[in-house]
Amino acid sequence: MSVSGKQPFGWQGQALHVNLSTGTIHSQPIPGEWLSNYLGGRGLGVRMMRDYYRLDPFDPDMPLIFAVGPLCGTAAPTAARLAVVSRSPLTNTIYDCSAGGRFAYRLKQAGYDALVVTGTSSRPVALNITADGARLDDATLLWGEPVSATVRAFANASSVAAIGPAGENGVLYASIMMSEGNAVGRGGLGAVMGHKKLKAITVKGDRKTRVADPDRLRLAQQDIMRLFRASPVIFGELGIAEYGTPALVDLMAQRRMAPTDNFRKTLFANSSNYSGPAIRKHFAARKDGCYACPIQCKKSTPQGEHLPEYETVSHFGALNRIDDLHTIVKANTLCNEMGLDTITAAATLAAWGEIRGEFPTATELGELLAAIAHRNGDGDLLALGSRRMAQQLGHPEVAMAVKSLELPAYDPRGAYGMALAYCTSNRGGCHLRAYPISHEILRKPVATDRFSFAGKARIIKIAEDSNAVIDSLVACKFSFFGASLEEYAEALSAVTGHDYSPQELKRIGERIYLTERFYNIENGFADTDDILPERFFTEEGSSGDGISINPIDRTRFLEERRKYYRIRGLDDHGRFTDSDFLGQQP
Ligand code: SF4
């Protein structure tokens, strides 16, 4: 098939391996079977983790994998994204995180589908990659610098991935930042990079991605763009291209599912202060976005300051009862500079606020975030994330997390598919693994009843598999407010010269998903980890205006979770019935 031979269509067929302990660097062919059966990005990274998934996240041999997809470098829309894969120090699960920026495109231009970093350097280093090779340079003078200063130090590089002080200091939710402002935000992979003493990676290249059938790709691209243009969620009057993801602020308030006061309420009276229209008005926000994306859903100021997304405004806002937009924007900028995940930072502060009986004030917020990044004072405990912090303070019940990953800004009492998906997610409480907000709130591709569990087990399973494919292509989930796997299968077939059907892609997604779950189960995770914090089963949210936000019916939740396990081919406790599952995978 097309992945055999020197440079296959779609892929480059090579991985760059860098061992920071020994300083050795070499490129190695990636088996064609891995590329065709795991695609790239998340899937390829998950396959590459097979020999390492049992290692501690901070074990020197733990790989930190940067992987691109077969559509990167082609005209396929939104597909120039990057996946970073490792084991998370925050959740201890297998973890992947996707980001935009030029890094993926440049890595592929340098001739690689993946960069695999192992080992730990004895001093801070920067890895510089070009199409002619790679080298490690001393980065001692950059250690301690914020992200923007680090990026500026590599002015001649095409693209930079860097950590800030949070990653250097082992904050368990440190991010990796791209030079264009995109974040490998969640799961603390910046701490894995910091532990390896790798301050930055630069990459430059000029190689092309080979496309098997350019005419077929052009038609697939036109088809995808037609569906984007027809989607109200993408290009509509109130869509994400217009207002960015903060377009969701008013919608979540109207649905009474905006997490407020550390999830004790679901409505914040002043949330309109930081809605999409408010951000546009106060900052003269202009369109911004990921490289090679026609949607451009991100927003920035005319001076180029990146403005926060929905999750960030809502969690620094409602979750912490802060209603001043400028304070929220400053907190977002500080997190980006320090290399901190905004969602976990805000949620950890909210949980801490509940324990001490006072949420962080607008004036102390900046100091607290800096203290976390540098692990000073209270920041040292807050750097561990909400679960560990709350446990150490004797209040484990206030950590609103699943598998130690803090829940994002969709209250599960207002969307039962979301409640299930938070729990079945392999990387912890994440909205993007199945993205049920799409059908439960945005009515895409069809509306489902948000207050019912009926049918959700199957819908979540299918969505998880589809999203594993999207993360492996590596495309953006927002594309699927318009297009579907059918159009992306066509684009992939045109690029690779191998006919992928949507059904085949779903089988690939299922393989990736089950492989991740297998790793987690082998590392001690069980059905007792696939559960929401107790609060959601016992306390109500903010009912009103004819909408009741009730506690979730635990019996019904557990019944649907059991159904989900069965649909996945697992036993009633979510375990594998075949201990040789991995051995049967390509
Ligand atoms: S839709 Fe937004 S998040 Fe997705 S690739 Fe485009 S700019 Fe990035």
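The values are calculated or read from the model by the stated rules, or taken from the named source; none is laboratory data. In this text the structure is predicted, and so the values were computed from the model without any measurement. Because the Cβ atoms are built from the backbone with ideal geometry, glycine has one as well, and the counts that use them run over all protein chains shown. To get the accessible areas, we keep the full protein, side chains included, count just its heavy atoms, and leave off ligands, DNA and RNA. Shrake-Rupley method; radii C 1.70, N 1.55, O 1.52, S 1.80 Å.
Values as computed for the structure displayed
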item	result
Filtered residue count, segment 468-493, keeping only those that are within 16 Å of the chain's Cα centre (by Cα) and open to solvent by less than 10 Å² (accessible area, probe 1.4 Å)	9
Test result for GLU180, within 16 Å of the ligand (Cβ to nearest atom), at pLDDT below 95, surrounded by fewer than 23 Cβ atoms within 10 Å (Cβ to Cβ) and in a loop (DSSP other than H, G, I, E, B)	yes
Which numbered condition ASP61 fails, given (1) within 16 Å of the ligand (Cβ to nearest atom); (2) in contact with a strand residue (DSSP E or B) (Cβ under 8 Å, 6 or more places away or on another chain); (3) of a type outside the set (Ser, Thr, Tyr); (4) open to solvent by 10 Å² or more (accessible area, probe 1.4 Å)	(1)
Close pairs from segment 9-34: first outside any loop (DSSP other than H, G, I, E, B), partner modelled with pLDDT under 95 and buried (at least 21 other Cβ atoms within 10 Å of the Cβ), Cβ under 8 Å, at least 6 apart	GLY32/VAL3; GLY32/PRO8; GLU33/VAL3
Single unsatisfied condition, ASP261 versus (1) within 16 Å of the ligand (Cβ to nearest atom); (2) over 20 Å from the mean Cα position of the chain (by Cα)	(1)
Unique residue being closer than 23 Å to GLY417 by Cα, at pLDDT 95 or above and within 20 Å of the chain's Cα centre (by Cα) when the list is ASP465, ASP527, ASP449	ASP465
Residue satisfying condition, being touching a residue at least 40 places away in the same chain (Cβ under 8 Å), of a type in the set (Gly, Ala, Ser) and over 15 Å from ILE549 (Cβ atoms), within set ALA258, ALA278	ALA278
Residue in segment 320-341 that is open to solvent by 40 Å² or more (accessible area, probe 1.4 Å), in contact (Cβ under 8 Å) with a residue 60 or more places away in the chain, assigned to a loop (DSSP other than H, G, I, E, B) and under 26 Å from ARG387 (Cα atoms) present	yes
Criterion violated by PHE478 - all others in (1) touching a Phe, Trp or Tyr at 6+ places or on another chain (Cβ under 6 Å); (2) over 16 Å from LYS506 (Cβ atoms) satisfied	(1)
Single condition THR74 does not satisfy, out of (1) more than 20 Å from GLN584 (Cα to Cα); (2) touching a residue at least 60 places away in the same chain (Cβ under 8 Å); (3) more than 16 Å from the ligand (Cβ to nearest atom); (4) open to solvent by 20 Å² or more (accessible area, probe 1.4 Å)	(3)
Residue count, segment 77-107 (criterion: within 12 Å of the ligand (Cβ to nearest atom) and closer than 25 Å to LEU172 by Cβ)	6
Sole exception among (1) out of contact with any Asp or Glu (no Cβ under 7 Å at 6 or more places or on another chain); (2) within 16 Å of the ligand (Cβ to nearest atom) for GLU487, by number	(1)
Matching residues in segment 286-310 - criterion: being within 13 Å of the ligand (Cβ to nearest atom), under 14 Å from VAL329 (Cβ atoms) and polar (S, T, N, Q)	SER300
Qualifying residue in segment 142-160 (condition: part of a strand (DSSP E or B) and either touching a strand residue (DSSP E or B) at 6+ places or on another chain (Cβ under 9 Å) or away from the ligand (no atom under 16 Å from the Cβ) (or both))	yes
Which numbered condition ALA149 misses (of (1) open to solvent by 10 Å² or more (accessible area, probe 1.4 Å); (2) modelled with pLDDT of 95 or more; (3) over 27 Å from LEU334 (Cβ atoms))	(3)
Looking only at segment 315-359, and only at residues there that are among the hydroxyl-bearing types (Ser, Thr, Tyr) and in contact with a Phe, Trp or Tyr (Cβ under 8 Å, 6 or more places away or on another chain), the one that is nearest to SER272 (Cα to Cα)	THR327
Segment 352-375: number of residues that are part of a helix (DSSP H, G or I) and in contact (Cβ under 8 Å) with a residue 12 or more places away in the chain	13
Enumeration of residues in segment 244-253 that are without any contact (Cβ under 8 Å) to a residue 40 or more places away in the chain and open to solvent by 30 Å² or more (accessible area, probe 1.4 Å)	ASP250
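Here's the yes/no breakdown for (1) acidic (Asp, Glu); (2) within 19 Å of TYR410 (Cα to Cα); (3) surrounded by fewer than 16 Cβ atoms within 10 Å (Cβ to Cβ):
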site	(1), (2), (3)
THR528	no, no, yes
SER548	no, yes, yes
ASP553	yes, yes, yes
ARG566	no, no, yes
LEU570	no, no, no
ASP580	yes, no, yes
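Rundown of residues vs (1) within 25 Å of LYS299 (Cβ to Cβ); (2) open to solvent by less than 40 Å² (accessible area, probe 1.4 Å); (3) hydroxyl-bearing (Ser, Thr, Tyr), yes/no style:
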| residue | (1), (2), (3) |
| --- | --- |
| ASP138 | no, no, no |
| ALA161 | yes, yes, no |
| VAL192 | no, yes, no |
| THR202 | no, yes, yes |
| LEU227 | yes, no, no |
